[in-house]
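Read-outs: derived from the displayed coordinates by stated rules, not from any lab. These numbers were taken from a predicted model, which means no experiment stands behind them. When we count neighbours, we look across all protein chains shown, and the Cβ atoms used for this are built from the backbone with ideal geometry, even at glycine.
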Amino acid sequence: MKKSDFTAVVPVAGAGTRLRPHTYTYPKVLLTVGNKPIIGHILDDLAAAGIKKICMVTGYLGDKIKTYVSSAYPGLDVDYVEQPEPKGLGHAIWMTRSRVTGPMLVMLGDTILSADLSKFLGGREDCIAVKEVPDPRRFGVVEVKNGYISAMVEKPEKPRTNLAIVGIYSFRNSSQLYGSLQRLVDSGTTTRGEIQFTDAMAMMVRRGHRIKPVKIEGWYDCGKPETLLETNRFILGRGAGGTMRHSVPKASGTLIVPPVYIAPGAEVRDSIIGPHVSVGPGCRIERSIISDSIINEEAQVSDINLAGSLIGPSAVVLGRRYKLNVGENSEVIFGTGDIAPGT
């Protein structure tokens, strides 16, 4: 079985409620981490692994995702299926049943993984990625016996292991998976009100199907502001795009503290940028100090000190400029804190 035989299913229908207000008008997978949108990193990994066919499950603001993919990846063979209602990951994958035959690889659209995809595309066994986590109650959790998964459950209250399912799944015969998903749909079986992908795989395991767990180390969630920034630090730290100095002219009076990504077309003047800052195309930054932040395309930032911040596309953030003439033993305190002079 060749890698090119696989179809990659990439669910990107989620509304990204934990990333509001950014996702009120923007799909979560188009938010920037490192040097490009989240979905761009996933498509890069699939293309590098030799995947030729991709089926994306869209929903919320799906047209914006299609526009980005067709523009940034015109050479990829991408098919789209719409999930009109958010009925769970299992339901999203079930929606692709008429578009996928033969072997399939599932990669979640909101997770950046540092993993060797050849481990999931080679060999003759079905595989899923797992990782030990401190609190597995938020995830699908697996139990392992004799090197294979013996049981799995979605978000258990009392997990029996700390091995979480983390976003890569490969199946040599997709019809077996779709058969389990169909049984869930026909019976109306849900967990927490949704048709769960984990429940379908658990059904396969109970019927004697063998699925091998593959441990991975690099797993970066993009579902919340703090984890999005953590993922940005990871992407920049591994050198995605490097530090783009060509868009920062020498006369701009700007200091770059790497790792930093500044997109072509961005303007940065009289500022200190970094470490761990991504600046999108068309941004304009003036007289500011920015660290550990993501500034999305066309945003304008001036006269401010930002850290741990997410600035959405075309947003405008304006601070204040001060001119001071301060003598010996003077104190100047900006803000409304309760710090008294002399303390």
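Dipole orientation for the chain: of the candidates ILE295, ILE39, LEU184, LEU184 has the Cα lying most toward the positive pole (charges on Cβ; Lys, Arg +1; Asp, Glu -1).
Using the 10 angstrom Cβ neighbour count as an exposure proxy, how do LEU19, LEU76 rank, fewest first? Intermediate results must be reported in sequence, preceding the final value.
Values: LEU19 22, LEU76 16.
Placing the least packed residue first, the sequence is LEU76, LEU19.
Under a model in which nothing but the beta-carbon of Lys, Arg (+1) and Asp, Glu (-1) is charged, segment 3-234 shows a dipole of about 380 debye around its Cα centre.
Summing Lys, Arg as +1 and Asp, Glu as -1, what charge do residues with Cβ under 13 Å from the Cβ of VAL69 carry, VAL69 excluded? Working shown, then result.
On the way: positive: LYS36, LYS64, LYS66; negative: ASP44, ASP63, ASP77, ASP79.
Result for the local shell: -1.
Listing SER4, SER187 from fewest to most neighbouring C-beta atoms within 10 Å gives SER187, SER4. Calculated [222 nm] ellipticity per residue, helices only, for the chain: -6000 deg cm²/dmol; basis is -39500 (n - 2.57) per DSSP H run with n ≥ 4, divided by all residues, nearest 500.
Under the simplified labelling scheme, the ASP270-ASN305 pair shows an inter-label distance of 1.8 nm, with each label point 7 Å from Cα along Cα→Cβ. The residues neighbouring LYS145, those whose beta-carbon lies less than 14 Å from its own, together hold a net charge of +3 under the Lys/Arg +1, Asp/Glu -1 convention.
The ranking of LEU46, LEU228 by Cβ neighbour count inside 10 Å, starting from the fewest, reads LEU46, LEU228. Converting phi to 3J(HN,Hα) with the Karplus coefficients 6.51, -1.76 and 1.60 and the offset θ = phi - 60°, segment 295-300 yields 10, 6, 4, 6, 6, 10 Hz in sequence order, with x at every glycine or proline. Approximating the spin labels as points 7 Å out from Cα along Cα→Cβ, the ASP135-to-THR191 distance works out to 1.9 nm. Note on segment 3-234: dipole from Cβ charges, positive end direction compared against THR67, GLY147, SER118; the farthest Cα belongs to GLY147.
Here the calculated FRET efficiency for SER252 and GLU82, from their Cβ-Cβ distance with R0 = 51 Å, stands at 0.70, rounded to the nearest 0.05.
With 23 Å as the limit, write out which pairs from LYS64/LYS87; LYS3/LYS87; LYS87/LYS145; LYS87/LYS155; LYS2/LYS212; LYS155/LYS215 have Cα-Cα distances beyond it, or answer none.
Beyond 23 Å between Cα atoms: LYS3/LYS87; LYS87/LYS145.
Based on the alpha-carbon gyration tensor of segment 241-318 and its eigenvalue square roots a ≥ b ≥ c, which shape applies: rounded if a/c is under 1.5, prolate if not and a/b is larger than b/c, or oblate? Judged from the Cα gyration tensor, segment 241-318 comes out rounded (a/c under 1.5).
On C-alpha positions alone, give me the angle between the axis of helix 225-237 and the longest principal axis of the chain, in degrees, nearest 10. Its long axis makes an angle of about 90 degrees. In segment 3-234, one over the average inverse separation of all distinct C-alpha pairs is 17.8 Å, which is the Kirkwood hydrodynamic radius. The antiparallel fraction among DSSP beta bridges confined to the chain stands at about 35%.
If a/c stays under 1.5 just call it rounded; otherwise compare a/b with b/c (prolate if a/b is bigger, oblate if not). Do that for segment 102-152, with a ≥ b ≥ c from the square roots of the Cα gyration tensor eigenvalues.
Values: a/c = 1.95, a/b = 1.18, b/c = 1.64.
Judged from the Cα gyration tensor, segment 102-152 comes out oblate (a/c at least 1.5, b/c at or above a/b).
In debye, nearest 20, what is the charge dipole magnitude of segment 241-318 about its Cα centre with +1 on Lys and Arg Cβ and -1 on Asp and Glu Cβ, if you could check? The dipole of segment 241-318 has a size of about 220 debye.
Can you give the net charge of the other residues whose Cβ lies under 10 Å from the Cβ of LEU19, counting K and R as +1 and D and E as -1? List each step's numbers first, then the result.
Details: positive: ARG18, ARG20, LYS28, LYS224; negative: ASP110.
My count for the surroundings of LEU19 gives +3.
Give the residue from LEU236, ASN173, SER278 lying farthest towards the positive end of the charge dipole for the chain; charges sit on Cβ (+1 for Lys and Arg, -1 for Asp and Glu) and the dipole is referred to the Cα centre. Farthest towards the positive pole: ASN173. Rounded, prolate or oblate: which one fits segment 177-236, using the alpha carbon gyration tensor with axes a ≥ b ≥ c (rounded when a/c is under 1.5, else prolate when a/b beats b/c, else oblate)? In terms of gyration-tensor shape, oblate. Quick one: among MET95, MET107, MET152, which has the greatest mean-square fluctuation in a GNM of the chain with alpha-carbon springs under 10 angstrom? Comparing MET95, MET107, MET152 in the GNM, the peak value goes to MET95. Applying 0.36 nm per residue to the separation of SER118 and THR67 and subtracting their alpha-carbon distance, the gain on full extension is 15.4 nm.
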